[in-house]
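The values are calculated or read from the model by the stated rules, or taken from the named source; none is laboratory data. Computed from a predicted model, the values in this text were never measured in an experiment. For neighbour counting, all protein chains shown are included, and Cβ atoms are generated from backbone atoms with ideal geometry for every residue, glycine included. Ligands, DNA and RNA are excluded from the accessible area calculation, which covers all protein heavy atoms including side chains. Shrake-Rupley method; radii C 1.70, N 1.55, O 1.52, S 1.80 Å.
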Amino acid sequence: MDIKVLTCSWNIDALKPSDLAESSLDANRYHLKRWLTALSPDRPDILVVGLQEVVDLESKKMTVKSLWKSTTSKKNPNSAQNISKRYQLWQDALVQTVRRVFPDDSYAVLICHNLVGLFVCVFVRDAHHNGIQGLAVSQVKTGLGGLHGNKGGIGVRFVLYNTSFCFVVSHLAAGESDSNVEARDRHSATIIRNLYFRPLPPEYHTLGPSHEDGGAVGGGGDNDDDNGDGGPCMARPALLDLNNISLDAFVDGGEGQRYLDHAVCFFMGDLNYRLNLSREMAMSLISANKIERLLEEDQLNQRLKGTSASTSGGSSNTGVSSVEFAEGASDEARYGDEKAGVTSTIVDETEADKRDLPQFPLVSFKEAPIAFLPTYKYDPGTNNYDTSDKQRVPAWCDRVLYRGGSGSLRAGQQSKESAANSSNGTLWPDVGQAAGGAGASPLDPASAAADIQGQIQPLHYRRYECNLSDHRPISAGFSVTVKSISREERATVAQQ
C-alpha cells in the first residue's frame, strides 16, 4: 500500500507560537494551518514537524542553562522546567492546529522530543495507529565537542506494518568558511554513525494485544507513558511478533539498531550548507531568478551529485560503519535514560575530527527538485536578505533528504545514475551498495522486484513566506510504499 508522509522543517529563531498568532500578516498568522495542510486535498498518514533553535542558541545565558540542565536534570527534574515550557508551547500549538485543520479525522501524537534547540513532533493518522510497532528515539550531540545539544540530531524510529521508518531532525555546523563545510560533513557523519536504537526487550518478541491508549489528537486519551517503555508523549507500541519483523522490516541485513538499517530514512532540518558564491553574485542570480545556476554552487547539491569532495583527514568509512562511542563511554552514555526510552550518544568530537570521509555520509540520499529561492538568511520581519554588517550570502540551509528501499532496490533505481556518475568520475560511491569494500560485487538490480517496500515518490517541495524568523519554513510531501504481511498466509505457503 502507499501512504502519504508530510515533513515540515523550520529554524524558528526562538519564536513562540504567540508571535505567529499576534502578527498582522496572513502569511504569519495562518502559517501553521498552511504548513500542516500542504498535502491538501490529501491528508498525511504520517506528519513530522522538526524545529530548530526553539530556544536562543546565541544567548550565553541559554547555553549555560542548557549545559546545567544536562548535568543536573536527573538530580533535580525541576531544573528543566523553564526550558521545557517553550517546547510545550509548540507541542500544544501543533496539536491544536492538527485538531482544527483535520476536524473530521483523528491523529495520535506518536512522540515529541527535544534536544536543547531541536524539537520533533510526530503524528500518525488513527487509521494506522495500531500498525505502529517498535517506537524508539535516539539523539546525538555534536556541539561543543559533543557536550552540547545546540547542534546534533534526533532520530525517531518505528515500524509501520512491516516497513521500518527513521526520521532524523538535525542542526549542523554553521558558517561560510571551508572549515565550516568540513564540520557539517563531519556532523552528519557523526549523527549517522552514532544514532543507536536500543534492541527491543524480550517481551516484545511475543504475541499480545495492541494498546490503544496512545493519546489520539481530537480523540482523547492519555499521552503519559508510565510503564517505562517510552518517554512523555510517546504512544505505547503494539506487542507483536518481532522475530519476523526484524527480517521483514529492516534492510541490508540490519536489525534496526542503526539509522541505515531502516527501509525509509529521512534526514531533515537546518543542514546549514551554503553557496560557493560571493554575495554580489548570489544576489544577482536571485534577482534574475536563476535557481538552476545557484544550485550548481550549492554545497549540499554538489555533494549529493558527487561533484565535490570532503577534505578532512582520517580513515573511517562513514555511513556504513558500526556504532562507535567515545572511548570509555559508560552504558548510560551509550544507551541514555532507559526509563525514558531514549538512547543518547556522547561523541568524542576530537577523535571524530580526525576521521576521513571517503564517502559523503548522505550520498545515498536524494532530494526533490528545488524550485524556490534560498531560505536563509533574512532580516526577521522582512523580505530582505541579510543587511547586517556580516552580509551573509543567501543559501538553502533548510532541507529534506530521503532514502528508500533495500540496497537491491536502490541499486535497481540508481543503476543508470551510477553508470553516469562512474563515467563522470564520481568521488563517492553509493553508501547503499554492498558493504564489502572496493572488491565487492554490486547488488543485482533484478532482485529489486522482490521487495518494493520503501519506494518513495516526492509529491512537493516548497518554502513558505512566514517572515518572523531569519529562515523561511519548508515542507516536503511524499508517497511511500509500505508492505503489510499476512503471517497466517505466509505460514501456510511455507508449509506447502
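A few notes on this one:
- Residue in the stretch 137-150 that is surrounded by fewer than 24 Cβ atoms within 10 Å (Cβ to Cβ), at pLDDT below 95, in contact with a Phe, Trp or Tyr (Cβ under 8 Å, 6 or more places away or on another chain) and not in a strand (DSSP E or B) present: no
- Answer from ASP105, ASP2, ASP26, ASP45 - the residue that is modelled with pLDDT of 90 or more, within 18 Å of HIS128 (Cβ to Cβ) and open to solvent by 60 Å² or more (accessible area, probe 1.4 Å): ASP2
- Just so you know, in the stretch 160-171 the residues that are out of contact with any Cys (no Cβ under 9 Å at 6 or more places or on another chain) and over 16 Å from ILE456 (Cα atoms) include one that is most open to solvent (accessible area, probe 1.4 Å), and it is TYR161.
- Extreme residue, surrounded by the most Cβ atoms within 10 Å (Cβ to Cβ), among residues of the stretch 253-287 that are free of Cβ contacts under 8 Å to residues at least 12 places away in the same chain and among the polar types (S, T, N, Q): SER284
- Hey, ALA435 modelled with pLDDT under 70 and more than 30 Å from ASN272 (Cα to Cα) or not: no
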